[in-house]
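The values are calculated or read from the model by the stated rules, or taken from the named source; none is laboratory data. Because the structure is a prediction, the values reported are computed rather than measured. Here Cβ is always computed from backbone atoms with ideal geometry, including for glycine, and neighbour counts include all displayed protein chains. Accessible surface is based on the protein model in full, side chains and every heavy atom, while ligands, DNA and RNA are left aside. Shrake-Rupley method; radii C 1.70, N 1.55, O 1.52, S 1.80 Å.
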Amino acid sequence: MLELAIVIINYKTPNLVIDCLQSLETEINSLEHQVIVVDNASGDNSLLEIEAAITENHWQTWVKLLPSGVNGGFSAGNNLGLKAVIAQTYLLLNSDTIVRPGAIRTLLESRDKYPEVGIFSPRLEWPDTTPQISCFRYHTPISELIDGAATSPLTRWFYPYDVPIPISDTPFGPQWTSFACVMIRRQVIEQIGYMDDGYFMYYDDIDYCRRAQRVGWQILHVPQARVVHLRGGSGSVKAEIAKRRRPPSYLYASRSRYFAKYYGKMGLWLTNCYWLLGRSLAGLREILGNKQPHTCEAQEQDIWFNWRHPLK
């Protein structure tokens, strides 16, 4: 059995995948480690370009390319990679990442040191080493009130429900962590199964962390392991949100699925009402000239996407 299998999803980002593989070249043992690149039906020249890079760099002993016939999204693509190889531990890695020297070794050492932990995450950072927030508290109905309002006094009042957790230089256990780069024990997958491919993209990481914690596994953030995350390189959703443009509907479909799955259909309805209450407070402040708009185009209606049948 392999010690480590690394799964990378590609969707029309061959250059990013090749850069990611280049960063892995000196970090893995080709006898004990395997990299699976899953192409999510890119429909471009991705397969040819990645295959050419594998041949040119003599990566055939540790990189395998796995084409998918359909683009089933982030969870479905990762599940294909997870099922393709048997390993003690799996590392899910975004295509828009660069692994810093020693990061994988540090994560594996943490795995050996903390047997009660099932999910490990590194520090994500920008190329200039500025850290990114990548650990979080659960999304809850109250956190949606905070999000809708984006008002400092309200955020401070409900701080225990605010989703982002500040950067830490010491290891700690968040409620969930970004799956841009995450290490998962095989025993976790055997116990709770694969990722929920009902999520096309987004909310799949918090869902998996909640499922793991529900059966007793802990999560550990290991900031000494560092991975560059070119945030937005593998998708444009965060860039669209930053510009307050309307993001793809699958973001809201995933949101509805998550809240219905963990709080019930009425909980989803209550969550949306809380968000609208927060948005009303923000709107009043905007009218008074005390706040700049922060919500996306049509967000008031898009939060109801799939709310009647959120789990289908």
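Below are the figures for this structure:
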| read-out | value |
| --- | --- |
| Whichever lysines have a C-alpha closer than 30 Å to that of LYS83, once near sequence neighbours (fewer than 8 apart) are set aside | LYS12, LYS64, LYS113, LYS238, LYS261, LYS312 |
| Ranking by accessible area, most exposed first, for CYS273, CYS296 with a 1.4 Å probe | CYS273, CYS296 |
| Cα-derived Rg to Rh of the stretch 8-48, Kirkwood definition | 1.02 |
| Calculated log₁₀ intensity ratio I(q)/I(0) where the Debye formula runs over C-alpha points of the stretch 34-190, q = 0.13 Å⁻¹ | -0.79 |
| Charge dipole magnitude, Cβ of K and R +1, D and E -1 - the chain, Cα centre, debye nearest 20 | 1160 debye |
| Once exposed loop GluC sites (Glu not before Pro) are cut out (DSSP; at most 16 other Cβ, 10 Å), longest piece of the chain | 117-296 |
| Convex hull volume per residue for the stretch 134-194, taking Cα atoms only, in Å³ | 125 Å³ |
| Gain in span if fully extended, HIS294 to THR170, counting 0.36 nm per residue against the direct Cα distance | 41.4 nm |
| Dimensionless Rg over Rh [the stretch 78-165; C-alpha; Kirkwood] | 1.07 |
| Radius 13 Å from Cβ of ASN45, net charge of other residues (Lys, Arg +1; Asp, Glu -1) | -3 |
| Point-to-point label distance, LEU284-SER249, nm (Cα→Cβ direction, 7 Å offset) | 3.4 nm |
| Å³ per residue enclosed by the Cα convex hull of the stretch 205-272 | 128 Å³ |
| Calculated log₁₀ intensity ratio I(q)/I(0) where the Debye formula runs over C-alpha points of the chain, q = 0.13, 0.14, 0.15 Å⁻¹ | -0.97, -1.11, -1.26 |
